[in-house]
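This report refers to the structure that appears directly beneath it.
The values are calculated or read from the model by the stated rules, or taken from the named source; none is laboratory data. Being a predicted model, the structure only gives us computed values, none of them experimental. Cβ sites come from the backbone with ideal geometry, for glycine too, and all protein chains shown count toward neighbours. Quick note on the areas: whole protein, heavy atoms, side chains included, nothing else; ligands and nucleic acids left out. Shrake-Rupley method; radii C 1.70, N 1.55, O 1.52, S 1.80 Å.
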Amino acid sequence: STLCSKFYLGEVYTKQKKYVLGETYHRNALNWRKEVLGEGHRDTAASLHGLATCLVYLKQLDEGKALYEQALQLFDTLDGPDNAYSISTADCLATVCKVTGDVQQAEDLLNRLKAHHRAVYGPNHQMTIAIAKRITALLQS
């Protein structure tokens, strides 16, 4: 469908580092998805995430952060905080929070990721350890 095509073209352009084109397609897909599917649909959340990613690469951090926050809230509501989309979005949002100086929110998100990884993979898994190192680095910066 046209909705999917616009979203996936946005993804392709983002992967090709053509962020302005990616933003255009993601923004268009988001607007269409909101209109056709509604604000509370999983695909709308995916469009929020995709657009946020483009905006962050374009250094539009405030808007990107706000869109990641919306996507995370929606993914959490739809599928719970431990679904793959929530985890991925929380990780992206933590990175943006660190860059924008929102250390507390970044720490909270990283602690959430650490708890998830600990529960899923165990305390000694490389992913759990990597998140713990990110928390340490954040607090030392």
Share of region 93-141's accessible area from carbon and sulfur, percent, 1.4 Å?
54 percent
Mind checking the dipole of the chain: about its Cα centre, +1 per Lys or Arg Cβ, -1 per Asp or Glu Cβ, Debye to the nearest 20?
480 debye
Could you state how much accessible area Tyr19 has, in square angstrom rounded to the nearest 10, with a 1.4 Å probe and all protein chains kept in place?
40 Å²
Once you order the gyration tensor axes a ≥ b ≥ c over the Cα atoms, which shape class does region 60-141 get: rounded for a/c under 1.5, otherwise prolate or oblate by comparing a/b with b/c?
oblate
GNM on the chain, C-alpha springs below 10 Å: top fluctuator among Gly64, Gly50, Gly80?
Gly80
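Write down the accessible area per residue of the chain in Å², having rolled a 1.4 Å probe over the full set of protein chains.
On the way: 7740 Å² over 141 residues.
With all protein chains present, the chain gives 55 Å² per residue.
Can you quote the Å³ per residue value for the convex hull of the Cα atoms in region 95-141, rounded to an integer? Write down the numbers at each step before the final one.
Details: hull volume 2.6 nm³, N = 47.
Value for region 95-141: 56 Å³ per residue.
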Which label in (i) 15.5; (ii) 21.8; (iii) 17.8 gives the computed Kirkwood radius over Cα pairs in Å:
(i)
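Output the pairs from Lys98/Lys133; Lys34/Lys98; Lys15/Lys65; Lys65/Lys114; Lys17/Lys133 with a Cα-Cα distance over 25 Å in this structure; if there are none, say none. Numbers along the way, then the final one.
Values: Lys98/Lys133 14 Å; Lys34/Lys98 29 Å; Lys15/Lys65 19 Å; Lys65/Lys114 21 Å; Lys17/Lys133 28 Å.
Result: Lys34/Lys98; Lys17/Lys133 exceed 25 Å.
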At 222 nm, what value in deg cm²/dmol follows for the chain if DSSP H runs of at least 4 each add -39500 (n - 2.57) and the sum is divided by all its residues, to the nearest 500?
-28000 deg cm²/dmol
